[in-house]
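I have placed the structure first, in the form of structure tokens, so that the comments after it can refer back to it.
The values are calculated or read from the model by the stated rules, or taken from the named source; none is laboratory data. Keep in mind that what you see is a predicted model, and the values were worked out from it rather than measured. All Cβ positions, even for glycine, are placed from backbone atoms using ideal geometry, and neighbour counts span all protein chains on display.
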Amino acid sequence: MKKAIFIIFSLCTLVSCQQIQRDLTRNAVLEMNGNFLYLDEIERVIPAGLSVADSAKYAESYKKQWIMGNIMYQKAKENVGNSKDIEELTEIYRRELIINKYQQQLILEKLKHIPEDSLLSLYQQKKESFLLKGPLIKGIFIQVHASSQGQDSLSTMLSDINDDNLESIMRYCTGNALKYEFFTDNWTEYSKIIENLPNKIESTDPALSRGTIVQQSEENNYYLKVTGLCKAGEPSPYELIKDELYNILLNKEKIQFITDLRQELYNEAIENGIVHFYENEE
């Protein structure tokens, strides 16, 4: 909806600029009331990736909107004219656009990096506001045939995960596992992992805190090594909401930065005598 409003506003703006003479260096598509619509203007707004047929439809729609915008502008101009309040509003809007663009440039320059310790501090303050709706888990899931060799060694390696035996576990899975998932570095929905087990186990089960769950079916053995567990109702892990924390802190610093900038510029203007105050005599 916002995009549609912007396009209509842009079209109305385009038609408000009367072009008395046609630009002969460009391919004109339409002319109305001294305004020209050029082919390159249409080409610029057609989204990338559209088929030839869809591009043609988009172009036709744009031309129709351009004509409608032109007609609306002319009708409005006939009935409203260039009243002083419109001129004032236009100038105010222009000034705000320029100020906003300048502020955004400064923000990109000054607020590129937010320290990690600031994000961690905010997490400690706000973590109770980010409670999990469902449990999350980190670990390793492995399903092997009951007759597969080396399962005693596998159990030993799973009991004490480190960088060296993690590679060994991966090699074992590549050669023997019917199914496996490594999610030691990524929080995963608990339900998506537990559904692989023949016997379901609740996230509140104390057995999960003991490290490795082993279950059996008639043909297969199932291993679940738990390296991390967050229960429903607990604060969300830091890494999952880090981006959200960053945006909260960035917006806060933006407001403070712009406030300080305005005050600094104001003080400079006063100190340098750029501003002159006049006392009204009664």
Can you name the number of the only condition in (1) without any contact (Cβ under 8 Å) to a residue 24 or more places away in the chain; (2) over 20 Å from Leu178 (Cα atoms); (3) among the hydrophobic types (A, V, I, L, M, F, W, C) that Met157 fails? (2)
With the condition kept exactly as written, say whether any residue in the stretch 210-223 is among the acidic types (Asp, Glu), over 30 Å from Gln151 (Cβ atoms) and at pLDDT 90 or above. no
Every residue in the stretch 227-260 that is surrounded by fewer than 13 Cβ atoms within 10 Å (Cβ to Cβ) and in contact with a strand residue (DSSP E or B) (Cβ under 7 Å, 6 or more places away or on another chain), please. Gly233
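Yes/no per residue for (1) without any contact (Cβ under 8 Å) to a residue 40 or more places away in the chain; (2) in the same structural domain as Glu181 (by TED's automatic domain parsing):
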| position | (1), (2) |
| --- | --- |
| Ile201 | yes, yes |
| Thr204 | yes, yes |
| Ala207 | yes, yes |
| Val214 | no, yes |
| Tyr223 | no, yes |
| Leu250 | no, no |
| Glu264 | yes, no |
| His276 | yes, no |
Exception for Glu181 within (1) among the charged types (D, E, K, R); (2) touching a strand residue (DSSP E or B) at 6+ places or on another chain (Cβ under 9 Å); (3) exposed (fewer than 15 other Cβ atoms within 10 Å of the Cβ) falls at (3)
Applying the selection to the stretch 34-61, what residues are part of a loop (DSSP other than H, G, I, E, B) and either of a type outside the set (A, V, I, L, M) or in contact (Cβ under 8 Å) with a residue 60 or more places away in the chain (or both)? Gly34, Pro47, Gly49, Ser51
Could you list, in sequence order, all residues of the stretch 49-69 that are among the polar types (S, T, N, Q) and closer than 12 Å to Leu37 by Cα? Gln65
Qualifying positions in the stretch 33-57 - surrounded by 15 or more Cβ atoms within 10 Å (Cβ to Cβ) and hydroxyl-bearing (Ser, Thr, Tyr): Tyr38, Ser55
For residues in the stretch 10-47 being polar (S, T, N, Q) and farther than 27 Å from Glu87 by Cβ, which is modelled with the lowest pLDDT? Thr25
Could you check, for the stretch 123-138, whether at least one of its residues is surrounded by fewer than 13 Cβ atoms within 10 Å (Cβ to Cβ) and at pLDDT below 90? no
Could you check Lys64 against (1) at pLDDT below 90; (2) part of a helix (DSSP H, G or I) and say which number it fails? (1)
Please enumerate the residues belonging to the stretch 149-166 that are surrounded by fewer than 12 Cβ atoms within 10 Å (Cβ to Cβ) and modelled with pLDDT under 90. Ser159, Asp160, Asn162, Asp163, Asp164
